[in-house]
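Any read-out appearing in this document is the output of simple, stated calculations on the displayed coordinates, not a laboratory observation. Keep in mind that this is a model prediction, so the values were computed, not measured. With ideal geometry, Cβ positions are generated from the backbone for all residues, glycine too; neighbour counts draw on all protein chains shown.
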Amino acid sequence: MEDFTLGGLWAAVRAFYENSPLLKGIVIIAGAWVLRFILLFVIKRVVDRVVNGVKHKENIHDTQVLLTSPLAAVRVVQRTRTLGGVLSSLITVAIVIVVLLLLFDLFAPNATGAFALITAATGAGLGFGAQNVVKDVLNGLFMVAEDQLGVGDIVDLGPAVGVVESVDIRTTQVRDVNGTLWFVRNGEITRVGNMSQGWARVIIDLAVPYESDVDAVQERILKTAVDLYKTPKWTTRILEQPEIWGIESISSEAVVVRLVVKTASATKDDVARELRARLKKDLDEAGVKLPALNSIVLSGFDGAASVRGARPPRTRPVPVNFGEEKPKK
């Protein structure tokens, strides 16, 4: 009767487990799967709680509506989802490596020393390739930790421009405007141009006929842009009142006037399209025929010099002493 007690049954199961490497392997794999499931579930719950918390705070139900909400809310959602994806990938890779090492030690315990020698020998040959892998992983972690990009951001990575769909430990997936999905190695990303952080600026150059009353045309253009700014549908998308920066250039055919509108980063194209349509309609009604109505993107020195628009920061001159004494009066 003692053999059928709980203690005896436990001892029998334990003896069978210790003498069965196959059962140990099954237990290791099952335990690793359960651990991965639990960790991924925890990460998913944390991400969902953060995202739903932001939605509740902003009193919205659709994540896309956050594009016109304050920047902090957008970045919290995008960064949380990106970190969740990266952490999930790291957990999966770490668990797989640990399980493989445990199974190798279980089924080939006497080969551990030989395996270490083989690893040391092949490590030197694979060192160069491993450096690239480590570079990809570290660069990906730093990009996420420093909030350089996130899922849903519109970015320019050099070889690819588009919307970030996924950030993994080795690659970043970017979908361009044509629908092509680009896989960019994190280690190959040397610069990130993020068009979803902060704000954007719509810049429209209007070529006004030379014989027109430029001042009157500028007033009409500015009024059209301000009316758009005051429209309830566009109030949340346009961050500041539109500005006329003045005359950019003069030729024998036209005078180019520049109009700028500061917008939420994700709504720049929508604002530009609506503004061009209204400008065309209003200027046609005023009898002003525009040779061209162009949207431009400043770059290089021009872009840097125009960051603050028509109101550049005031600075005081730096005194320079050339070692000369002032003449005495």
Open item on the list: More than 16 angstrom separation, counting every C-alpha pair in the stretch 167-284; what % is that?
Closed with: 67
Open item on the list: Let me spell out the model: positive unit charges on the Cβ of Lys and Arg, negative unit charges on the Cβ of Asp and Glu, origin at the Cα centre of the stretch 153-206. What dipole size does that give, in debye rounded to 20?
Closed with: 100
Task: In Hz, Karplus ³J(HN,Hα) per residue of the stretch 151-164 (6.51, -1.76, 1.60; θ = phi - 60°; x = Gly, Pro) - done: 4, x, 6, 9, 10, 10, 9, x, x, 9, 10, x, 9, 6
TODO: Please name which of TYR229, VAL208, GLN218 has its Cα lying farthest along the dipole of the stretch 191-237 towards the positive end, using unit charges on Cβ (Lys, Arg +1; Asp, Glu -1) and the Cα centre as origin.
DONE: TYR229
Open item on the list: Highest mean first, how do 173-185, 189-201 rank when packing is the count of other Cβ atoms within 10 Å averaged over residues?
Closed with: 189-201, 173-185
- [ ] Report the charge-dipole magnitude of the stretch 196-258 in Debye, nearest 20, computed about the Cα centre from +1 at each Lys and Arg Cβ and -1 at each Asp and Glu Cβ.
- [x] 500
Task: Out-of-range pairs (alpha-carbon distance over 24 Å; input LYS44/LYS262; LYS44/LYS135; LYS262/LYS289; LYS230/LYS280; LYS233/LYS281) - done: LYS44/LYS262; LYS44/LYS135; LYS262/LYS289
Task: Residues of the stretch 230-251 with amide N under 13 Å of the 7 Å Cα→Cβ point at VAL214 - done: 245-251
TODO: Can you tell me the relative contact order of the stretch 132-210? Whole percent, Cα pairs under 8 Å, sequence separation 6 or more.
DONE: 30
- [ ] Kindly identify the stretch 148-233 as rounded, prolate or oblate by the Cα gyration tensor criterion: order the square roots of the eigenvalues as a ≥ b ≥ c, call it rounded if a/c is under 1.5, otherwise compare a/b with b/c, prolate if a/b is larger, else oblate.
- [x] prolate
